[in-house]
Amino acid sequence: MLAVVMVLPSLVAAGQAVGVIVAANNPDLATIAGDDERPASLFAVIQPGERVLVAPGGKVTIRYAGEDVEVSPANSPYRLPVEASGDTVAGNMLDWALSVLGATDAEREEPLTVAMASRGFQSLSLYYVSPFDNRLQRRDQMILIHERGAKVDSVRVDGFGQDLPLTPGQAGMTVVDMRALPAGNYLVHVCAGQRCLPVSLNWMDPLQKKGGEVSVLPELAALALIRDGDGLELEGVQQLWSIRASTELASALFTRLIPVE
Amino acid sequence: MTKSGPSAVAALYHWVHGKWTLLPARWRPFVVNLLVGMAIVVWIHLNPDSSMVKRQQDRGLDWLSRMVTNTPYAPQPDQPVVMVDVDSATYAQWGEPWLTPADRIARIIALLLDAEPAQILVDFDLSRRTDLAPLADILSRHQGGKAAKTQLIFMKTQASLLPANSRLPAFRDSALDELVASNDNLHWAAPLYRPDPDGVIRHWQLVIGGCENDRLVLLPSVQLLSVMLSDGVDKSLEALLAPDQQGCLAMPHFSGRIVLGSGKQIDLAGEQLQHRIVFALPPNPESGYFPVDWQGRAVPALTILSARDVLAAKRFSTGGLLTGAIVIIGASHRDSGDIHLTPVGQMPGSLVLANSITALQGLDQVQRPPFVLILLVDLLLILGVSWLFVVMSPFAATLVSSAVIALLVVPFSLLAFSQGVWLDFALPILAVQMRSVFAKATFSYHKVRRKGIKGVLK
């Protein structure tokens, strides 16, 4: 019972709020007036009852009890009201009960897009769709997808004897002319600046269906590269073409790929 | 088995059966409830690592964490925490850079250093980058008398692949390694957490082991280093390694505790419960963060500022919130990949760090009370609940016992929890409630079968 007596008052009472200046366009034009007068510059603490005065041209934002209050000459002087900040156990319990009852489902259903995409390292690499392996059906062109600011300087293939011709595409991608590369297993080195990423590539002839009919595929393959620890992995993706209509990410990637055709 | 074995068992059975038959029929469920409840208490005590006990413990602690978060019952930080956040607005304004630009981090640090915070934590992975010259330039000037007022902590991550003959990954190299090693005000710490199987971060790792040249290297976690720098510590982490530690061939095992200058003891080993994070700082509380006493006034426990507003500021307040505070520079925009699930909701990694520091500062590690006390409290609760089921209908008894638990036991638990003590009362009580309801239902079912619906209704 002693515990209840000790706990109950603070189950319902939060602490008194103070304000903090979290943005100020020009501290010379804003002042905090209370027991003393001081500039309303970033990180200044404002006690309840103190006033914030803003001269023409000035603007400050006060974080107060969870709200951001903008003070400009239009609403200056602004007096900080007395309010509580923080939560209470009773309030938290109510929130929990409401969440259990489903009253806050609307909040949870806020639209939120999550990209199933990974960041690569430094300048090379990027988006990937998993799970795929490094078997790619031969295409006339292969698209390297990479950071927008990066520039692929060369693509070298071990045992092939010449660099593959490159055509700069739109920002974030490079088109590799693959027509000269016959089917086979290769180690491909994608180089940008001083860095080269080795990627093993099983470059396969087009698959034949049962009746001997060669499947008609667009002459395009996409390669995305990511770093995995100290190694580099290829994550991509001839299958991307066939699933572009069915997944959001594939669709988004092709939005970038289409202009290069 | 000897001949006397079966006969002794039989004698015991007859003795118990004799006593049982002497017991009035209405008190028999009471005794069964008592035995069931206490058996569960003992079983939980003997099997603290079983998945069922851990799941139950997680649920209970998640609920309590959610109740106390952002209230006076949550751990209270020693000083305010300020977060300079590369939020979505900042990220967009900077042109959505692939990596957080080092020159901008450097400018933020340079601005903050003038206000003399106690610690600045830079929550970006600075390994494997070649663009750190602006940062190195600022940091190389951060030494001497005034610099000692602010300690800078940088995050050290680990490689994904294990070196040969090692169970521990290596720490990743950084262009700042030499600079940090040569400056007493610069430190590396590990921001590494291991999520539970459901993806929720509930526990911290206080010390991370890595392998460098076949040698075990220990790195304190961010929260441990933060309190060690604030309070001082009695011994090195290496001094607490278990004597049978096998270099890189095993995860580091510790024996004993470190003692901070404030007298607080931190157990590096101990059961998982002790490494539970009590989240005091939820993401985006509607009514702001709870106030803490700081230099004679109440200031918010956490204040989050957009990095773009900090960079745009011409001047910081002297003697304001920042002086002596802990500052975390981190990112919360979606592309950062640094958003994590916690018992109190999704939050950026920098807020997980703020919570970990606050928890380690403001709370002794979560402890279980002595077993005798658990036994006593649970015995009282089980007695009470069992008695209610004897004198009331199952529906009324469930209602009343739940109300009593809510009114008496929950506040008691909150009070204990605010002192870092976790009393797991829910499972035995729930078992007793369920057993009673089930027993009554079974009894009613047999009655219906014996007499039929009409017979029961007569």
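Looking at B:Leu162, B:Leu139, just one residue is of a type outside the set (S, T, N, Q) and surrounded by fewer than 16 Cβ atoms within 10 Å (Cβ to Cβ), and that residue is B:Leu162.
Considered as a group, the residues in region A:51-96 that are acidic (Asp, Glu) and touching a strand residue (DSSP E or B) at 6+ places or on another chain (Cβ under 6 Å) include one that is nearest to the other protein chains (Cβ to nearest Cβ), and that residue is A:Asp68. Only one entry of B:Leu111, B:Leu132 meets the criterion of being in contact with a helix residue (DSSP H, G or I) (Cβ under 6 Å, 6 or more places away or on another chain) and either in the same structural domain as B:Pro191 (by TED's automatic domain parsing) or not polar (S, T, N, Q) (or both), and that entry is B:Leu132.
Residue-by-condition table, conditions (1) part of a loop (DSSP other than H, G, I, E, B); (2) in contact (Cβ under 8 Å) with a residue 60 or more places away in the chain; (3) in contact with a Phe, Trp or Tyr (Cβ under 7 Å, 6 or more places away or on another chain):
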site	(1), (2), (3)
B:Cys211	no, no, no
B:Ser230	no, yes, no
B:Asp244	yes, no, no
B:Val259	no, no, no
B:Pro283	yes, yes, no
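I'd like to check something: does region B:199-213 contain any residue that is buried (at least 18 other Cβ atoms within 10 Å of the Cβ) and within 14 Å of another protein chain (Cβ to nearest Cβ)? Yes, the conditions are met somewhere in region B:199-213.
Residue count for region B:352-373 satisfying the condition of being farther than 17 Å from B:Gln205 by Cβ and touching a His at 6+ places or on another chain (Cβ under 7 Å): 1. Of all residues in region A:41-60, those being touching a residue at least 24 places away in the same chain (Cβ under 8 Å) and within 15 Å of B:Gly320 (Cβ to Cβ) number 7.
Within region B:285-302, restricting attention to residues that are more than 9 Å from every other protein chain (Cβ to nearest Cβ) and either without any contact (Cβ under 8 Å) to a residue 60 or more places away in the chain or among the charged types (D, E, K, R) (or both), the residue that is surrounded by the fewest Cβ atoms within 10 Å (Cβ to Cβ) is B:Gly296. Take the conditions (1) among the hydrophobic types (A, V, I, L, M, F, W, C); (2) surrounded by fewer than 22 Cβ atoms within 10 Å (Cβ to Cβ); (3) at pLDDT below 90; (4) within 30 Å of the chain's Cα centre (by Cα); B:Ala147 misses just one of them, which is (4).
Okay, residues lined up against (1) buried (at least 21 other Cβ atoms within 10 Å of the Cβ); (2) on the phi > 0 side of the Ramachandran plot; (3) within 12 Å of chain A (Cβ to nearest Cβ):
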residue	(1), (2), (3)
B:Arg308	no, no, yes
B:Gly320	no, no, yes
B:Ile328	yes, no, no
B:Ser336	no, no, yes
B:Gly345	no, yes, yes
B:Ser350	yes, no, no
B:Ser356	yes, no, no
B:Gly362	no, no, no
B:Arg368	no, no, no
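Within region B:200-232, the set of residues being modelled with pLDDT of 90 or more and of a type in the set (Lys, Arg) comprises just one member, B:Arg202. For region B:92-99, state whether one or more residues are at pLDDT below 90, within 15 Å of B:Leu152 (Cβ to Cβ) and among the small types (Gly, Ala, Ser). Checked against the condition, which is being at pLDDT below 90, within 15 Å of B:Leu152 (Cβ to Cβ) and among the small types (Gly, Ala, Ser), region B:92-99 yields no hits at all. Of the residues that make up region B:128-141, is at least one within 23 Å of B:Asn355 (Cα to Cα) and out of contact with any Gly (no Cβ under 9 Å at 6 or more places or on another chain)? For region B:128-141, residues within 23 Å of B:Asn355 (Cα to Cα) and out of contact with any Gly (no Cβ under 9 Å at 6 or more places or on another chain): absent. Sort through B:Thr323, B:Thr303, B:Thr358, B:Thr318 and tell me the only one that's polar (S, T, N, Q) and more than 18 Å from B:Asp78 (Cβ to Cβ). Unique residue meeting the criteria: B:Thr318. Restricting to region B:128-159, give me the number of residues that are within 14 Å of another protein chain (Cβ to nearest Cβ) and touching an Asp or Glu at 6+ places or on another chain (Cβ under 6 Å). Count: 2. So for region B:389-407 (the condition being part of a helix (DSSP H, G or I), crowded, with 17+ Cβ neighbours inside 10 Å, under 17 Å from the mean Cα position of the chain (by Cα) and touching a residue at least 40 places away in the same chain (Cβ under 8 Å)), does at least one residue qualify? For region B:389-407, residues part of a helix (DSSP H, G or I), crowded, with 17+ Cβ neighbours inside 10 Å, under 17 Å from the mean Cα position of the chain (by Cα) and touching a residue at least 40 places away in the same chain (Cβ under 8 Å): absent. State whether the residues of region B:16-28 include one that is of a type in the set (D, E, K, R), surrounded by 12 or more Cβ atoms within 10 Å (Cβ to Cβ) and closer than 30 Å to B:Asp364 by Cβ. Among the residues of region B:16-28, not one is of a type in the set (D, E, K, R), surrounded by 12 or more Cβ atoms within 10 Å (Cβ to Cβ) and closer than 30 Å to B:Asp364 by Cβ, which makes the answer no.
This table checks each residue for (1) touching a Phe, Trp or Tyr at 6+ places or on another chain (Cβ under 9 Å); (2) aromatic (Phe, Trp, Tyr); (3) over 30 Å from A:Ala90 (Cα atoms).
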{"residue": "B:Ser65", "(1), (2), (3)": "yes, no, no"}
{"residue": "B:Tyr73", "(1), (2), (3)": "yes, yes, no"}
{"residue": "B:Asp87", "(1), (2), (3)": "no, no, yes"}
{"residue": "B:Tyr91", "(1), (2), (3)": "no, yes, yes"}
{"residue": "B:Glu116", "(1), (2), (3)": "no, no, yes"}
{"residue": "B:Gln119", "(1), (2), (3)": "no, no, yes"}
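Those residues that are touching a Gly at 6+ places or on another chain (Cβ under 9 Å) and within 11 Å of chain A (Cβ to nearest Cβ), I need them from region B:97-120; list them, please. Scanning region B:97-120 gives B:Pro97, B:Trp98, B:Ala115, B:Pro117. Would you say B:Val278 is at negative phi, in contact with a Pro (Cβ under 8 Å, 6 or more places away or on another chain) and outside any loop (DSSP other than H, G, I, E, B)? The answer is no for B:Val278. Does B:Val217 satisfy the condition of being touching a residue at least 24 places away in the same chain (Cβ under 8 Å) and within 19 Å of the chain's Cα centre (by Cα)? When the stated conditions are applied, B:Val217 does not pass them. Contact map, region B:261-273: first residue outside the structural domain of B:Leu61 (by TED's automatic domain parsing) and part of a loop (DSSP other than H, G, I, E, B), second residue acidic (Asp, Glu) and exposed (fewer than 15 other Cβ atoms within 10 Å of the Cβ), Cβ cut-off under 9 Å, separation 6 or more or different chains; pairs are B:Gly261/B:Asp234; B:Glu271/B:Asp49. Of note, B:Pro252 does not satisfy the criterion of being crowded, with 20+ Cβ neighbours inside 10 Å, in a loop (DSSP other than H, G, I, E, B) and over 23 Å from the mean Cα position of the chain (by Cα). Which of the residues that make up region A:1-51 are at pLDDT below 85, β-branched (Val, Ile, Thr) and outside any loop (DSSP other than H, G, I, E, B)? Across region A:1-51, the qualifying residues are A:Val4, A:Val5, A:Val7, A:Val12.
Scan region B:312-328 for residues that are touching a residue at least 24 places away in the same chain (Cβ under 8 Å) and in contact with a helix residue (DSSP H, G or I) (Cβ under 6 Å, 6 or more places away or on another chain) and the total you get is 2.
Is there a residue being within 14 Å of chain A (Cβ to nearest Cβ) and closer than 19 Å to B:Gln361 by Cα anywhere in region B:263-277? No, there is no match, as no residue in region B:263-277 is within 14 Å of chain A (Cβ to nearest Cβ) and closer than 19 Å to B:Gln361 by Cα.
The values are calculated or read from the model by the stated rules, or taken from the named source; none is laboratory data. Everything numeric here is computed off the predicted structure, so don't read it as measured data. FYI the Cβ positions are ideal-geometry reconstructions off the backbone, even for glycines, and counts take in every protein chain you see.
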